[in-house]
1. For segment 1-53, give me the residue count where each residue is within 30 Å of ALA158 (Cβ to Cβ) and part of a loop (DSSP other than H, G, I, E, B).
2. Tally the residues that are charged (D, E, K, R) and either more than 27 Å from THR154 (Cα to Cα) or under 21 Å from the mean Cα position of the chain (by Cα) (or both), restricting the search to segment 239-295.
3. Any residue in segment 70-81 that is within 30 Å of MET178 (Cα to Cα), among the charged types (D, E, K, R) and exposed (fewer than 14 other Cβ atoms within 10 Å of the Cβ)?
4. Just checking, how many residues over segment 399-417 are surrounded by fewer than 21 Cβ atoms within 10 Å (Cβ to Cβ) and of a type in the set (A, V, I, L, M)?
5. Tell me, which strands (runs of 3 or more DSSP E) lie completely within segment 143-242 with 3 or more residues that are surrounded by 21 or more Cβ atoms within 10 Å (Cβ to Cβ), in contact with a strand residue (DSSP E or B) (Cβ under 6 Å, 6 or more places away or on another chain) and touching a residue at least 40 places away in the same chain (Cβ under 8 Å)?
6. Taking segment 358-371, which residues are surrounded by fewer than 19 Cβ atoms within 10 Å (Cβ to Cβ) and either farther than 27 Å from ILE453 by Cβ or basic (Lys, Arg) (or both)?
7. Restricting attention to segment 119-133, and to residues there that are of a type in the set (A, V, I, L, M, F, W, C) and assigned to a strand (DSSP E or B), which single residue is surrounded by the fewest Cβ atoms within 10 Å (Cβ to Cβ)?
8. When residues of segment 264-280 are filtered for being under 18 Å from PRO306 (Cβ atoms) and either at pLDDT below 95 or not basic (Lys, Arg) (or both), how many remain?
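The values are calculated or read from the model by the stated rules, or taken from the named source; none is laboratory data. Keep in mind that this is a model prediction, so the values were computed, not measured. Quick reminder, even Gly has a Cβ in these numbers, built from the backbone with ideal geometry, and neighbours come from all protein chains shown.
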Amino acid sequence: MTKVAVIGGGPGGYVCAVRLAQLGASVTLIERERLGGTCLNWGCIPTKVLVHTAELYHETKNCSDLGLDVKDPSINWPNLMARKNGVVDQLVGGVQGLMVANGVEVLEGEASFSSPRSLQVGGRTVEFDAAVIATGSETVIPPIPGVDLPEVVTSKEALSFPSIPQSLTVVGGGVIGMEFACLYANMGTEVSVVEMLDSVLPPIDREISAIARGRMEAMGVKFYTSAKVTAFKKGDHGVTTSVETGEGTVYLDSQWVLMSVGRRANTGSLALEKAGVDHDRGKIAVDRHMATSVPGIYAIGDCCSPIQLAHVASAEGEVAAENIMGHSRSMDYKTVPSGVYTIPEIGSVGLTEEEAKRRGHSVKIGRFPLSSNGKSLIMKGYDGLVKFVVDGKYDEILGVHIIGPRATDLIVEGALALRLEATTEEIITTIHGHPTVGEALAEAAMDCDGRAIHRPPRK
């Protein structure tokens, strides 16, 4: 029986362990903190618990036009923290149950290589025929003066503030920063976002990210783009953040500062050199089979992947497991959807309009505003948009981008379209239910050729 050691029990590691067990391997999973990793314990899941409450709070405060009169709604922060912890604990327990059900041995402790075929875990030697490194990533903390102040926190601490912040400065306008900015702004926090680039959400289609920014500005969020944080100083009621902008230095006073400028591979404790694994400043080099430079050692997830998303790590885990057990699979990143849990949500897959043009495609665009979609109007998704990016020569769908209600759920249709190399005609001739937000995808596909039914003709 093939003995496999999986280092890390996050969404990459535990999925890989289950798939290995299904294929007949003897699996040992090593985790130094909690099963489920960052995503389940301090990332994706607890964040969305807070986002859900923020959405309901926002709706409740603005529901008179829905025929509901709610007097003085408020957030019970201790109860929300208890709910967040309860959801996390239930899901962690589910992962633990999966390990037992699949016969996976779980070791608690920090693993490090002692050779290309053995690990040390708390004084115990674990020998293996194959190993999978799934140690994830950690927050990048740039060397800014004052960054070690207790009021300057990462996303992990921002999930467990002692109370709803009165004010918050978010350093970094990427996905994590924008989600926290949006959820706390909806809870009544005064929020400022500082981003070095000239726009927020840089991986997202510019048209979509501009809508998101506009919606957040309407909530009261202040943005400082093309700006650089130079220092943090202790203030009377929190932290003063010094920000260099094109118009000079701005000083932002806030109770808390959230650092969200990116994440890097978390491999420093693995002693990779003892196994001979190639890496670039900790990020492990792998091929499309998720194999490293050392035969029998694989890596998956944030410690090696070009896309740091939990569902990507899970897919890579399955690829690695099947290759270890004698199958042949390679990783395809073409159909990876991404979700941004702002209010409204963003779902995106494939090429943006800007990327498609840079790659030389003759691009045609289809748009459908959700203000013309009945279900979106019912859900108050007035400023949403569905956008198709399509190859003008072959009519192949290159990218789908959505901002509006249920965008992160709806984007799977776009991912499947890319997987099947579908054309807009195949979307159009697939009957979409009514009334649904999803029927806006068919309308956007029609608009690529100027034939959308529920919007005026193009001029």
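1. Of the residues in segment 1-53, 11 are within 30 Å of ALA158 (Cβ to Cβ) and part of a loop (DSSP other than H, G, I, E, B).
2. Number satisfying all stated conditions: 9.
3. Looking through segment 70-81, at least one residue is within 30 Å of MET178 (Cα to Cα), among the charged types (D, E, K, R) and exposed (fewer than 14 other Cβ atoms within 10 Å of the Cβ).
4. 3
5. In segment 143-242, 167-171 are the strands (runs of 3 or more DSSP E) which contain 3 or more residues that are surrounded by 21 or more Cβ atoms within 10 Å (Cβ to Cβ), in contact with a strand residue (DSSP E or B) (Cβ under 6 Å, 6 or more places away or on another chain) and touching a residue at least 40 places away in the same chain (Cβ under 8 Å).
6. Passing the criteria: ARG358, ARG359, GLY360, ARG367.
7. In this case the residue turns out to be VAL121.
8. The number of residues fulfilling the criteria is 7.
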